[in-house]
Amino acid sequence: MMNGEDIDNKEIIDNTMEYKPLGTMDAINSESVDDTVIRGNVGKSVSGAAHEKPKRKIITRSGILRVLGVLAAFMAFIAIALSPVFVLKHVNVHGNTYLSDEEIIRISGVNLGENLFRLATDEIMQAMGKDIRIDQVIVRRNFPNSLDIQVVERIPLAIIKCDYGYLEVGRGGIVLDAHRNLSQIPVPIVSGVEVSDLFVGDTAENQQLSQVLDFLDKLNRDTATSIAEINISDPNNVMVYMNHSVQLKMGALDSLQKKLEITESVNREVKQAKHPIDYVDARFDGSYSIKLKE
């Protein structure tokens, strides 16, 4: 039989037993509800992202006007480029001495009447650079209707005889041009040497000729153009014939610097002489003597 104290204890124990499970269940239920809510939100977010439509780009009025402006500018450029105003009417050639303007234009391949915008200047320069007579070339459009061609020529130093005519030779003995007949080029003829089977772009290999070319290359231009002929049939007795029928006996082409100075000095003497000169002897001792005509 229980006394009052036992009954009170039992009630406390029972209450405690009932309280704890209730507290635990509330926590569980609370967690379950929270978890359900969280999972529901996540599911909703994923579902919303999956069904969300991409945003459409809005073409503004200013964008349309910009595109139309570009198209209008392009059409205007085409119209201007095809206009008769930009038709090639003049070709201006600069820097040429030995090649004529007509020959330079022929080498370039351009024709009057072509549209200036359609002329590919790079291609023209490449084509002209293939000609052995041209060392450097620059081609520029000169609006509205001209083309400028600036050239640097390979300088011909002498003319020599060959088996089919005459050859222009430049520095290093390179053959720059060939002629059936003797051309009117202001460079001396080198006689006493003849070559065969040489064509434009080939190299004339001859020791005496190389010495003469080196000599002519180092002369000042005024003196070089005053020489009509150099005869090297006897390498130890080279004869130089000047334009005023003056004969310069050079001897061998050794001591090149001395020979250059003598030749340039003789050229000045010939131009300033008040009495006709018969010949100049420069074969000995690096000096020369002048024989006047009687």
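Every read-out reported here was derived from the displayed coordinates using simple, explicitly stated rules and does not represent laboratory data. Since we're looking at a predicted model, the values are computed, not measured. Cβ sites come from the backbone with ideal geometry, for glycine too, and all protein chains shown count toward neighbours.
Mind sorting S196, S233 by how few other Cβ atoms lie within 10 Å of their own Cβ, fewest first? Can you show the working numbers first?
Working: S196 8, S233 11.
Ordered from fewest to most neighbouring Cβ atoms within 10 Å, S196, S233 come out as S196, S233.
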To the nearest 0.05, what FRET efficiency results for E205 and A73 with a Förster distance of 41 Å applied to their C-beta separation? 0.10
Simple label model, 7 Å out from Cα along Cβ direction - A252 to E103, nm: 3.7 nm
Exceeding 26 Å between C-alpha atoms, which entries from my cross-link table qualify? They are K161/K293; K249/K271; K271/K293. K161/K293
Residues of the range 105-133 with amide N under 16 Å of a point placed 7 Å along Cα→Cβ from R140: 121-122, 125
